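Quick notes on the structure that follows.
Each value in this text was obtained by applying a stated rule to the coordinates, not by laboratory testing. Everything quoted here is computed from the prediction, not taken from an experiment. Positions of Cβ are generated from backbone atoms using ideal geometry, with glycine treated the same way; all protein chains shown enter the neighbour counts.
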Amino acid sequence: MFRRYGPRHWWPADSKFEVIVGAILTQNTNWKNVERALNNLKRAGVLDPDSILAAHHERLATWLRPSGYFNIKSKRLRNICGWLVNNGGFRELQQMRTPALRNALLSVHGVGRETADDILLYAFNRPVFIIDAYTRRIFSRLGFIQGNEDYDVIRRLFESNMARRLSDYKEYHALIVLHGKTVCRPAPDCEQCCINKLCAFSRTER
DNA sequence: ACCCAGGGTCATA
DNA sequence: TATGACCATGGG
């Protein structure tokens, strides 16, 4: 995938905080819609924890509307902003060890394992491998997993079979998402699906 | 008129 | 542990 697509330089965001907001807003949602919501927050000048905590729910929901689930996501966004400020911000949180930081993130209402790992990898620069729907689909089609295993089981499968290199974790996940978006479609049409595309590419490039 | 998108929580069995 | 319902917008 790297040879095919080249380096991705992920995650698309201008700041650590924007990574966190994007991670919440992209839950089961097309990134294009997330961008609209992020632009609303930027135009309003409220893309920071204090401004979001100060905003009323109604107004926050209006900004988030394009990303869907706007009532729930308004609350989740406030929850993680409250968590950030109550724990001294990035400076203080960066001192924690990864397992403790992960548990702290998971204790925030609305932050599940994938969202926590998005934040750990791309905002806190911790080498955790993110398991999303694309990862499950692509690697079950490739025959490495069945697809419905527990999140942490698949995560450890990757982490125990890769060198613990931060930049690789970032690139690998980005490549999986790009490949999932462009080639590995939901309904497997085996002339078009990722197995043939990837394997054919690997053969020609090797 | 469908299906899909970079999940998570809650109730139920 | 394992399903199902629910959240909601915009694009194909």
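Counting only residues that are of a type outside the set (D, E, K, R) and more than 14 Å from residue A:110 (Cβ to Cβ), how many does the range A:69-93 have?
First, the residues of the range A:69-93 that are of a type outside the set (D, E, K, R): A:69-72, A:74, A:77, A:79-90, A:93.
Remaining after also requiring more than 14 Å from residue A:110 (Cβ to Cβ): A:85-90, A:93.
The total comes to 7.
Just for the range A:12-71: of the residues that are within 16 Å of DNA strand C (Cβ to nearest atom) and among the aromatic types (Phe, Trp, Tyr), which one is farthest from residue A:116 (Cα to Cα)?
Looking at the filtered set, the residue picked out is A:63.
Against the conditions (1) within 8 Å of DNA strand B (Cβ to nearest atom); (2) buried (at least 16 other Cβ atoms within 10 Å of the Cβ); (3) not small (Gly, Ala, Ser), where does residue A:40 fall short? Just the number, please.
Every condition holds for residue A:40 apart from (1).
Does at least one position in the range A:99-116 carry a residue that is exposed (fewer than 13 other Cβ atoms within 10 Å of the Cβ), away from DNA strand C (no atom under 16 Å from the Cβ) and closer than 24 Å to residue A:73 by Cβ?
yes
Working only within the range A:93-111, note down all residues that are within 11 Å of DNA strand B (Cβ to nearest atom) and either touching a residue at least 40 places away in the same chain (Cβ under 8 Å) or in a helix (DSSP H, G or I) (or both).
Correct list: A:105, A:106, A:110, A:111.
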